[in-house]
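The values are calculated or read from the model by the stated rules, or taken from the named source; none is laboratory data. Treat the numbers as computed from the prediction; the structure is a model and nothing was measured. We place every Cβ from the backbone using ideal geometry, glycine too, and count neighbours over all the protein chains shown. With ligands, DNA and RNA removed, areas are computed over all heavy atoms of the protein, side chains included. Shrake-Rupley method; radii C 1.70, N 1.55, O 1.52, S 1.80 Å.
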Amino acid sequence: MKAQNASLAAPGGSVPAAGAPALAQPLNLIMPPMPLLKTYIVEDSVVIRDNLIATLEEMAPVSVVGSAVDEASALAWLSPSEAIYDLVIIDIFLRQGSGLGVLKQLRPLRTKASLVVLTNYATPDMRQRCLALGADRVFDKSHEIDALLDYCSGLAAAAH
């Protein structure tokens, strides 16, 4: 009987009391995984873009489907009606053109995708300008990465 009880022992070595509830199943067996947000990034800095992609894909339900370094490239990929994405993360200052131009052009074409600005220039005036051009949210690269991750998780949960 002792060997049989040993197989029921909890990691600390104790045996569950008679009538105790069974151990819960791991969450990944109970709930289906959260869907990944198909995300497009408009960012001209290679270092920032690579770090952002690594952070988003590791810490949020995100799958990056593409990126651009300038306004024209971003609009060429994002504008066709067959382009499929849930979230666009846009920097304001780009190699050519600007994130403001991307926002201005995408808003009328927009389906259900969320448009987010991630910038080092998140002054109150710039935040208002981005929101007026159609951004759903504006995040500061230096201080609001956690808020961006939370926003991505909230979008994915809402789509779930």
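Here are some notes:
- Some residue of segment 145-158 being modelled with pLDDT of 95 or more, among the aromatic types (Phe, Trp, Tyr) and not in a strand (DSSP E or B): yes
- Qualifying positions in segment 105-133 - open to solvent by 90 Å² or more (accessible area, probe 1.4 Å), among the charged types (D, E, K, R) and modelled with pLDDT under 95: Lys112
- The residues of segment 59-88 that are of a type outside the set (S, T, N, Q), open to solvent by 50 Å² or more (accessible area, probe 1.4 Å) and over 10 Å from the mean Cα position of the chain (by Cα), listed by number, are Val65, Ala72, Ala76, Trp77, Glu82, Ile84.
- Within segment 102-112, tally of residues that are part of a helix (DSSP H, G or I) and touching a Gly at 6+ places or on another chain (Cβ under 8 Å): 4
- Single match in Ala60, Ala72, Ala54 (criterion: among the aliphatic types (A, V, I, L, M) and touching a strand residue (DSSP E or B) at 6+ places or on another chain (Cβ under 9 Å)): Ala60
- Residues of segment 48-101 that are within 27 Å of Ser153 (Cβ to Cβ), acidic (Asp, Glu) and not in a helix (DSSP H, G or I): Asp86, Asp91.
- Of the criteria (1) without any contact (Cβ under 8 Å) to a residue 60 or more places away in the chain; (2) crowded, with 16+ Cβ neighbours inside 10 Å, which one Leu52 fails: (1)
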